[in-house]
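Undergrad: Please read through the structure below; I'll follow up with questions.
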């Protein structure tokens, strides 16, 4: 079983409440979950948020929408992931996703999962030492046993906050695999951390979602290609 864990919180420093921002008539996080559900290998998707009162509205919205929720420490996100695995497992393999990626690509998810399966890696990702996919399509997949080792052995705040560095910083100990594409789009920005990112994502959804809710990354590229005003919105490449 592959357990997809989508980490989310309302207390973003640069764009507070972004995960619940309206995108095409629904909270951004639910639009992302719609896209994640199109990846056939993800048998279960869990939102992992914090126990802080600021995240009550997020947890309630997910429960109302039928999305499983686990609540844990705000700062110890690694511990929160282990708690989610314990609550919604058993799982041999888990996936880390973040709720600032409403343009998530199901095909990239499937390809990253397939790479981990084919190589038997402890950790596989489509970013890392050489990013070729747009920021906002990030996928990390790992053996649960490896993550439990990380949780047991590290007290470093960076490791606890970012979940997986203990794994990918130790290639001598954990088998790693990285998924790349032929075209280098590593500087392209599709994630949502700033107001201009949200403007971009809303423009994409407003243009593509009504006719095809399952629009692809190639559809996004084609749309942006025809909108020169979006090419460098906010000073970052969008194409």
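Nothing in this text is a laboratory measurement; each read-out follows from the coordinates by a stated rule. Remember, it's a predicted structure, so these values are computed and weren't measured experimentally. With ideal geometry, Cβ positions are generated from the backbone for all residues, glycine too; neighbour counts draw on all protein chains shown.
Undergrad: When a footprinting reagent is the concern and you count Cβ atoms within 10 Å, what order do 41, 212, 73, 217 take, fewest first?
TA: Neighbour counts put them in this order, fewest first: 212, 73, 41, 217.
Undergrad: If I stretch the segment between residue 53 and residue 75 completely, what's the gain in nm (0.36 nm per residue apart, minus their alpha carbon distance), one decimal?
TA: Here the answer is 6.5 nm.
Undergrad: For region 2-193, what proportion of DSSP beta bridges, expressed in % and rounded to the nearest 5, is antiparallel?
TA: So the antiparallel bridges in region 2-193 amount to around 30 percent.
Undergrad: Sticking with the crude label model, points 7 Å out along Cα→Cβ, report the distance from residue 212 to residue 184 in nm, one decimal please.
TA: It works out to 2.9 nm between the two label points.
Undergrad: Calculate how many DSSP beta bridges within region 1-103 are antiparallel, expressed in % of all such bridges and rounded to the nearest 5.
TA: 10 percent
Undergrad: On to the next question. Please give the FRET efficiency for residue 86 paired with residue 119, using the beta carbon to beta carbon distance and R0 = 25 Å, rounded to the nearest 0.05.
TA: 0.40
Undergrad: By count of other Cβ within 10 Å, fewest leading, how are 135, 37 ordered?
TA: Neighbour counts put them in this order, fewest first: 37, 135.
Undergrad: Continuing with this model, one more query. Using Cα pairs under 8 angstrom and six or more residues apart, how large is the relative contact order of the chain, in percent?
TA: 20 percent
Undergrad: Calculated from the structure, Cα Rg over 2.2 N^0.38 Å equals which of (1) 1.30; (2) 1.25; (3) 0.97?
TA: Working out Cα Rg over 2.2 N^0.38 Å from the coordinates points to (3).
Undergrad: Let me ask something additional. Can you figure out the FRET efficiency of residue 64 with residue 172, using R₀ = 30 Å and their beta-carbon distance, to the nearest 0.05?
TA: 0.05
Undergrad: Once every DSSP H run of n ≥ 4 in the chain is given -39500 (n - 2.57) and the sum is divided by its residues, what mean residue ellipticity at 222 nm do you get, rounded to the nearest 500 deg cm²/dmol?
TA: Value at 222 nm, helices only: -10500 deg cm²/dmol.
Undergrad: Is region 1-117 best put as rounded, prolate or oblate by its Cα gyration tensor, with a ≥ b ≥ c the root eigenvalues, rounded for a/c under 1.5, and otherwise prolate when a/b is larger than b/c, oblate when not?
TA: oblate
Undergrad: Can you tell me the alpha carbon radius of gyration of region 76-200 divided by the globular rule-of-thumb value 2.2 N^0.38 Å?
TA: So the Cα radius of gyration is 1.06 times the expected 2.2 N^0.38 Å.
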